[in-house]
Amino acid sequence: MNRLGWLVILAVTLVGMPFIASAKASTPIYQSTTETKQTSNTNVQWAEAERLFQQGIQQYQVSQFQLALESWQQALEIYRAIGDRQGEATSLGNLGLAYYALGDYPRSIDFHQQSLEIDRQIGDRQGEATSLDNLGNAYYALGEYQRAIDFHQQSLDIARQIGDRQGEAYSLGNLGNAYYSLGDYPRAIDFHQQSLDIARQIGDRQGEATSLNNLGAALLNINQFAAAETTLIQSIEVFEFLRVDLSDAQIISIADTQASTYANLETALVAQGKHTEALAITERGRAQAFALQLALRQNSDNTKPPITYPSIADIQRIAAEQNATLVTYSLIFDQSLYIWVVSPTGDIQFRSVEFNGGDTPNVNPIATIDGPVYRGDSAPSELDTLVADSRSGIAVVGGGIPDERLKDLHQILIDPIADLLPADSEANVVFVPQGSLFLVPFAALQDADGTYLIEKHTITTTPSIQVLGLAADEAAGSASQPASNALVVGNPVMPSIPDITLSPLPGAEAEAVAIGELLNLSPLLGNQATEAQIKQQMPTAPLIHLATHGLLSYRDSPFEVPGAVVLTPGNGEDGLLTAGEILDMDLQAQLAILSACDTGRGQITGDGVVGLSRSLITAGVPSVVVSLWAVPDAPTA
């Protein structure tokens, strides 16, 4: 298989994404007083099963797969207790979907097989077709493509027999995926074209966008780059149309599933030497929910703004206004790393790193670390592992022992573009990461001589160039206030949280006192640092500095943005200032410093990192200083 074909393999799984079945239930028949009492009780149980079932769907739709699994398991037990075979089958099928999403394909197969057996026993032909398709998806994920074809063909036959046009389109698309993975690209194109035709006939826009993506991926593999470009642009336009009325959580959730379409289009453009156009596309696919939130905040009438995407001229304007060199990274299916550098003068340069070699046209291979950087399509990439290792190595670096992993990352991420970065160490360089690169400690990367990147450049990161521009607009629109009005907090009285021990932070207190002296103000310390008091002061503070504990994963509900800052409880507050609570604020600060553990981390999505830093920027703070690690109290101070 040639290198370009390998690039697009992961993209074709879009059609292979399983879909959630709906619960069905029969109407109870009341025949006697005894039967009525029994049926009434059954009704209550069935209603609870339905609630759990729908709860699982909501959790699944926002990628809370483990929680969805738990909800569907509870629903399954109730359906079995009341003898609802249809509910049992759909719950089993959706448990199969949850295990699929969690990567446990053998267990997914087991649940779909159980669902299939019940579907056949009760004569549910549509359910049978769905179970067969989902079995095919699971075997596809295991690389058993011929077996997947057998299941998808059975599903297709049933869909045609019962006149299920949408099911027919799904099965055709899944057959296209399997033949693609077997290297039979003409046959894959034929199946994807059939799927596309049906999706358009029945008005299934989601299916249309997915089929267009998969068709474009197949065209890429046979080097039909111009045709692939046209097809993939159509796919993106439909996907973007479907986003218009979605919530923030929904846009974030689907960003990962749609990311492959943007990457496919970038590949098609780069293969044709259209590097600048590819930059516009990668930017177009990033942090759209984030950008919409910022744009909404800036709308004076508080109406939802139209979705807009930055042009190359917009990108160049932002670089000029920020007087910054912008560095955008795009990960292309664990095989290539595309890098664009935009100078303050508007000049745009493109470089790429080819892991494992390759023969993609118009791409210059660059030497990387010894051995292949990536393992393969199913294992974690070596780059992901390298990023994780470099993070754990920071403590080693702090002890004065060299860390070769930081040099390896520098070689991959910085060396290819080092000649394009400014020589002046005061000049701002803004990195725009993607995926696991959000966890890269850019400031700590070391060149071959052991010099840290922060010694050469002034460093900022942003989830997208558009968000950078919108945050700058926010800063420009804020009135300046004296620093003596700043909010500085240190070492609050820690709340009691089950299963978590929060120790006092004397270093945080010393830190807050020193900053208070610098700014000529009295910091809030100990029992003064109540959540209630801080919530009251935050909206008017020109600068916010919180030196305390940070909780990376805490959230009040599965749908809330993760992360919390620990403060003193009391006055009806629990002492946990959550990311969700920050999102509801209207802040005026020009800068917020969260001097706590892991405050720069969160849920990494196709829309960027969802956590505390995102909440602060969305609430109106254009710049935040945050931590990527659980840093000890003394060195933090």
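The values are calculated or read from the model by the stated rules, or taken from the named source; none is laboratory data. Keep in mind that what you see is a predicted model, and the values were worked out from it rather than measured. Note that we place each Cβ from the backbone using ideal geometry, even for glycine, and neighbour counts take in every protein chain shown. When the accessible area is computed, the model is the full protein with side chains, heavy atoms only, and any ligands, DNA or RNA have been set aside. Shrake-Rupley method; radii C 1.70, N 1.55, O 1.52, S 1.80 Å.
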Hits in the stretch 131-142 - residues which are open to solvent by 10 Å² or more (accessible area, probe 1.4 Å) and of a type in the set (A, V, I, L, M): Ala141, Leu142
Boolean, Gly143 is closer than 24 Å to Ile109 by Cβ, among the small types (Gly, Ala, Ser) and touching a Lys or Arg at 6+ places or on another chain (Cβ under 9 Å): no
Of residues in the stretch 89-103 being among the small types (Gly, Ala, Ser) and either part of a helix (DSSP H, G or I) or over 27 Å from the mean Cα position of the chain (by Cα) (or both), the one surrounded by the fewest Cβ atoms within 10 Å (Cβ to Cβ): Ala101
Residue check for Gly143: within 26 Å of the chain's Cα centre (by Cα) and over 23 Å from Tyr262 (Cα atoms): yes
Among the candidates Ser390, Ser436, Ser378, residue that is modelled with pLDDT under 80 and not in a loop (DSSP other than H, G, I, E, B): Ser390
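Per-residue answers, yes or no, for (1) closer than 17 Å to Phe65 by Cβ; (2) modelled with pLDDT of 95 or more; (3) of a type in the set (D, E, K, R); (4) over 27 Å from the mean Cα position of the chain (by Cα):
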| site | (1), (2), (3), (4) |
| --- | --- |
| Ile82 | no, no, no, yes |
| Gly87 | no, no, no, yes |
| Arg107 | yes, yes, yes, no |
| Asp110 | yes, yes, yes, yes |
| Ser115 | no, yes, no, yes |
| Ile118 | no, yes, no, yes |
| Gln121 | no, yes, no, yes |
Options Pro422, Pro433; residue that is within 25 Å of Thr345 (Cβ to Cβ), open to solvent by less than 40 Å² (accessible area, probe 1.4 Å), touching a Phe, Trp or Tyr at 6+ places or on another chain (Cβ under 6 Å) and in contact (Cβ under 8 Å) with a residue 24 or more places away in the chain: Pro433
Meets criteria (at pLDDT 65 or above, open to solvent by 50 Å² or more (accessible area, probe 1.4 Å), of a type in the set (D, E, K, R) and not in a loop (DSSP other than H, G, I, E, B)) for Asp384: yes
Those strands (runs of 3 or more DSSP E) lying entirely in the stretch 443-552 with at least 1 residues under 28 Å from Arg317 (Cα atoms): 458-461, 543-547
Candidates Gly127, Gly123, Gly163, Gly83 - the one that is in contact (Cβ under 8 Å) with a residue 12 or more places away in the chain and either of a type outside the set (A, V, I, L, M, F, W, C) or within 21 Å of His192 (Cβ to Cβ) (or both): Gly127
Residues within the stretch 61-82 that are closer than 17 Å to Gly127 by Cβ and either in contact with an Asp or Glu (Cβ under 9 Å, 6 or more places away or on another chain) or part of a loop (DSSP other than H, G, I, E, B) (or both), tallied: 4
Residues satisfying the stated conditions in the stretch 104-123, i.e. open to solvent by 60 Å² or more (accessible area, probe 1.4 Å) and either under 16 Å from Gln86 (Cβ atoms) or in contact with a strand residue (DSSP E or B) (Cβ under 9 Å, 6 or more places away or on another chain) (or both): Glu117, Arg120, Gln121, Ile122
Of the criteria (1) closer than 19 Å to Val625 by Cα; (2) of a type outside the set (Phe, Trp, Tyr); (3) surrounded by 22 or more Cβ atoms within 10 Å (Cβ to Cβ), which one Asp473 fails: (3)
Strands (runs of 3 or more DSSP E) (entirely within the stretch 559-630) containing at least 3 residues that are farther than 30 Å from Arg243 by Cβ: 591-595
Some residue of the stretch 440-458 being more than 29 Å from Asp415 (Cβ to Cβ), modelled with pLDDT of 90 or more, open to solvent by 70 Å² or more (accessible area, probe 1.4 Å) and among the aliphatic types (A, V, I, L, M): no
